[in-house]
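Below: the structure, in structure tokens.
Please treat every number below as a calculation from the coordinates, not as lab data. Bear in mind that the values here come from a model prediction, so they are computed numbers and not experimental data. As a convention, Cβ positions derive from the backbone with ideal geometry for all residues, glycine included, and neighbour counts pool all protein chains shown.
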Amino acid sequence: MATTPATTPATHPGPARDSHAVRVRGLRKSYGDKQAVDGIDLDIERGEVFALLGPNGAGKTTTVEILEGYRHRDGGEVDVLGADPASAGRSWRSRIGIVLQTSNENAELTVEEMVRHFALYYPGSRDPDEVIAAVGLEEKRRARMRALSGGQRRRLDVALGIVGNPELLFLDEPTTGFDPQARRDFWDLVRSLRSDGTTILLTTHYLDEAEQLADRVAVIASGRIVALDTPERLGGRMAHRARVRWEEDGAVREESTDAPTRFVVDLAGRFDGEVPGLQVVRPSLEDVYLSLIGDVEDAAAELARSTR
Ligand code: ATP
């Protein structure tokens, strides 16, 4: 994907109008006796990139599809761009963007035909040529959909999701199947959409993607939010002790400390300058995420044992 920004001038109102794009209180949804969403509260600010993380079956898709108006909820309050998705009409729908998987129905249409066709559905759509460039499909604009690779097809899905110039964009595992360069280019595209004022709700299994893109991250497990914060602070990440590693006498040494700067200064004094193999490590987002998820799974296993 090219790094050309998605260029149509920003038209989205900033936080001044109504600072929330999404407000959810006590959301519940069950399938039979499976409680898929178990009382979720969520506020997403306008202009924010918000990531939902969670293991398979955690309730992410159910939550997102309720916000999109594609699934009914059993309980709770939901407000998306000032309306209840369960009853909102066509003009509301034209203000949101959803990246769906394109079907084979239109396999004979070209990339350009598809994007131009979708643009007609929206009153304030982006320039289709700019959108094709923004997702890096310029060279494939005359290719038929059936001739696209999996990753190119996914870029076209993204183009169709953003051509309507949405105020709120839902991106559900958008980079699955992308090669590393295409992922980087897609991240640039998300950043440019954000700088145009688009609010983005991203679900992903890639923690580096959440760390790169999200202003805030919610971790969802067993239908509940178990942590919500910036990627840097999630799960008390910055409060964890730092581990300082270095090499000495042919071995790797490690020390856990609350004051890594002071420790490194002392170490540098001892070595009279450069400390061999120096590293200062705090828990990664992945470390914190896995421990949050692990805690929930341990609690669920404990509950199952006690009710047996
Ligand atoms: P993944 O990361 O695998 O996409 P998810 O977090 O999106 O998972 P959901 O698809 O929301 O999870 O599913 C939450 C729970 O609800 C799972 O246990 C799933 O099996 C169940 N579920 C989802 N859709 C249905 C359905 N239509 N009928 C019955 N159960 C469902």
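So, R0 is 35 Å and r is the distance between the beta-carbons of Ser91 and Glu297; what FRET efficiency does that work out to, to 0.05? List each step's numbers first, then the result.
Details: r = 43 Å, r/R0 = 1.23.
With R0 = 35 Å, the Cβ-Cβ based efficiency is 0.20.
In degrees, nearest 10, range 0 to 90: what is the angle between the Cα axis of helix 150-162 and the longest Cα principal axis of the chain?
70
Assign unit charges at the C-beta atoms only (+1 for Lys and Arg, -1 for Asp and Glu), then state the dipole size of segment 129-261 relative to its Cα centre in Debye, rounded to the nearest 20.
The calculated dipole for segment 129-261 is roughly 620 debye.
Compute a Gaussian network model of the chain, connecting alpha carbons closer than 10 Å, and tell me which residue from Asp18, Asp266, Asp129 fluctuates the most.
Per the Cα network of the chain with a 10 Å cutoff, Asp266 tops the list.
Just from its helices, what would the mean residue ellipticity at 222 nm be for the chain, if runs of 4 or more DSSP H residues each count -39500 (n - 2.57) and the sum is divided by every residue, rounded to the nearest 500 deg cm²/dmol?
Details: 9 runs with 99 residues, N = 308.
Calculated at 222 nm, the ellipticity per residue is -9500 deg cm²/dmol.
Would you mind calculating the relative contact order of the chain from Cα pairs under 8 angstrom and at least 6 residues apart, reporting the percent as a whole number?
Working: 565 pairs, mean separation 66.6, N = 308.
Computed over the chain, the figure is 22 percent.
Would you work out the charge dipole size for segment 114-180 about its Cα centre, treating the Cβ of every Lys and Arg as +1 and the Cβ of every Asp and Glu as -1, and quote it to the nearest 20 debye? All intermediate terms of the calculation are to be shown ahead of the outcome.
On the way: 10 positive and 10 negative charges, 88 e Å.
Result for segment 114-180 is approximately 420 debye, rounded to the nearest 20.
When the chain is modelled as a GNM with alpha-carbon springs shorter than 10 Å, which of Ala268, Ala21, Ala143 fluctuates the most?
Checking each option, the largest mean-square fluctuation is seen for Ala268.
Loop only per DSSP, at most 11 neighbouring Cβ atoms within 10 Å: give me the GluC sites (Glu not before Pro) in segment 147-225, ordered by residue number.
Sparse-neighbourhood loop GluC sites (Glu not before Pro): none present.
Using Cβ contacts closer than 10 Å as the measure, can you line up Tyr122, Tyr70, Tyr206 from fewest to most? Don't skip to the end; give the middle numbers.
On the way: Tyr122 16, Tyr70 11, Tyr206 19.
Lowest to highest Cβ neighbour count: Tyr70, Tyr122, Tyr206.
If amide hydrogens are placed 1.01 Å from N in the peptide plane, which non-local residues have theirs closer than 5 Å to the one on Leu109?
Placed amide hydrogens put Met145 under 5 Å from Leu109.
Find how many whole Å separate the alpha carbon centroid of segment 239-308 from the alpha carbon centroid of segment 47-109.
Between the Cα centre of segment 47-109 and that of segment 239-308, the gap is 38 Å.
Taking H as built 1.01 Å from N, whose amide H comes closer than 5 Å to the amide H of Arg71, not counting residues under 5 places away?
Here the answer is Ile66, since their amide H atoms fall under 5 Å of that of Arg71.
What is the pair-distance distribution P(r) of segment 19-117, computed from all Cα-Cα distances in 5 Å bins starting at 0, with each bin given as a whole percent?
In order of increasing distance, the bins hold 2, 10, 19, 21, 17, 13, 9, 6, 2, 0 percent.
Return the tail of the calculated pair distribution for the chain, meaning the percent of Cα-Cα pairs more than 37 Å apart. Please report the intermediate quantities before stating the final value.
Numbers: 12999 of 47278 pairs.
Result: 27 percent of Cα pairs exceed 37 Å.
Most exposed first by the Cβ proxy, i.e. fewest other Cβ within 10 Å, how do Arg141, Arg237 rank? Please list the in-between numbers first.
Details: Arg141 15, Arg237 18.
Taking fewest neighbouring Cβ atoms as first place, the list is Arg141, Arg237.
With point charges of +1 on the Cβ of Lys and Arg and -1 on the Cβ of Asp and Glu, referenced to the Cα centre of the chain, which listed residue (Gly76, Leu213, Ala239) lies farthest in the positive direction of the dipole?
Gly76
Averaging the inverse of every distinct alpha carbon separation and then flipping it gives the Kirkwood radius. What is it for segment 214-308, in angstrom units? Let's see the in-between values first.
On the way: mean 1/r = 0.0627 Å⁻¹.
Final number for the Kirkwood radius of segment 214-308 is 15.9 Å.
Please give me, ordered by residue number, the chymotrypsin sites (Phe, Trp or Tyr not before Pro) of segment 104-176 that lie in loop per DSSP and have at most 15 other Cβ atoms within 10 Å.
Tyr121
With 5 Å bins from zero, work out the P(r) of segment 150-202 over every alpha carbon pair and list the percent per bin.
4, 20, 34, 27, 12, 3
Test of understanding: what is the full-extension gain from Arg146 to Ser195, defined as 0.36 nm times their sequence separation minus their Cα-Cα distance? Let's see the in-between values first.
Values: separation 49, 0.36 × 49 = 17.64 nm, distance 3.32 nm.
The Arg146-Ser195 span can extend by a further 14.3 nm.
With everything on Cα atoms, drop me the angle between helix 260-271 and the longest principal axis of the chain, reported from 0 to 90° to the nearest 10.
Tilt relative to the chain: about 50 degrees.
If I model a spin label as a point 7 Å beyond the Cα along the Cα-Cβ vector, how far apart are those points for Gln181 and Asp129 in nm?
2.5
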